[in-house]
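S.K.: I have a structure here, written as structure tokens, and I will follow up with some questions on it.
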Amino acid sequence: MRSDAELLAAACSDASAFRELYERYADRVYGFHLRRSRDPHAAHDLTAETFAQVWLSRTRFRDEAGGSAGPWLFGIARHVLLVSVRRRELERSACQRLGMLDAVGREPVAEPCEDWLDSLDEALTHLPEAQQDAIRLRVVEDLGYDEAAERLATTPQAVRARVSRGLSALRKHLFDPMESAR
């Protein structure tokens, strides 16, 4: 049986080697994400993103654990999880400021005040069209990233980036008048 280090080295020219590494670790990485997120769908998404990052950085692997890629791979999984949590916090904070979530940030507000909708429509016009579309689908229509990506004919990661950048720009425009005047 080949070591993880050998599989990663071979994966540069042999996709089946990467598949073998994936099969060796997929359940453990999924379990890692499931224990932390407590959401099977999120755990699947995080596992997929972890292995996408492993694939992209396979040439940078340094064998520092006697042939095992476990510590390196779980380091990537931890990083993917932290990035996801940060993104989610940014989105939740923006939605709360826009009046779309209660003060605790858990429940959608039953009836948001009409003022924020007027402000939002006007503020959205200052964003690039791709960000406008992503925010409308993800935040206003409350679609998941996968569904929004399907509608926009792009990837969920691209939708996440557009929403994150757009919400950041909206925050500056709506809540920092000095910043938007610049």
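S.K.: For the stretch 147-156, what are the residues that are out of contact with any Phe, Trp or Tyr (no Cβ under 6 Å at 6 or more places or on another chain) and either part of a loop (DSSP other than H, G, I, E, B) or touching a residue at least 24 places away in the same chain (Cβ under 8 Å) (or both)?
M.R.: A153, T154, T155
S.K.: If you go through the stretch 55-66 one residue at a time, do you hit one that is loosely packed, with under 14 Cβ neighbours inside 10 Å, in a helix (DSSP H, G or I), modelled with pLDDT of 85 or more and β-branched (V, I, T)?
M.R.: yes
S.K.: Here are some conditions: (1) assigned to a loop (DSSP other than H, G, I, E, B); (2) crowded, with 19+ Cβ neighbours inside 10 Å; (3) at pLDDT below 65. E111 meets all but one. Which one does it not meet?
M.R.: For E111, the exception is condition (2).
S.K.: Can you tell me which of V80, V139 is modelled with pLDDT under 90, within 30 Å of D14 (Cβ to Cβ), part of a helix (DSSP H, G or I) and open to solvent by less than 90 Å² (accessible area, probe 1.4 Å)?
M.R.: V80
S.K.: From R97, R87, R92, which residue is within 21 Å of the chain's Cα centre (by Cα), under 23 Å from G31 (Cβ atoms) and modelled with pLDDT under 90?
M.R.: Going through R97, R87, R92 in turn, the sole match is R87.
S.K.: Hey, can you tell me all the residues within the stretch 125-141 that are hydrophobic (A, V, I, L, M, F, W, C) and under 11 Å from L152 (Cα atoms)?
M.R.: Within the stretch 125-141, A130, A134, L137 meet the criteria.
The values are calculated or read from the model by the stated rules, or taken from the named source; none is laboratory data. The structure presented is a predicted model; accordingly, all values stated were derived computationally and were not measured. Positions of Cβ are generated from backbone atoms using ideal geometry, with glycine treated the same way; all protein chains shown enter the neighbour counts. In case anyone asks, the SASA skips ligands and DNA or RNA and just uses the protein heavy atoms, side chains included. Shrake-Rupley method; radii C 1.70, N 1.55, O 1.52, S 1.80 Å.
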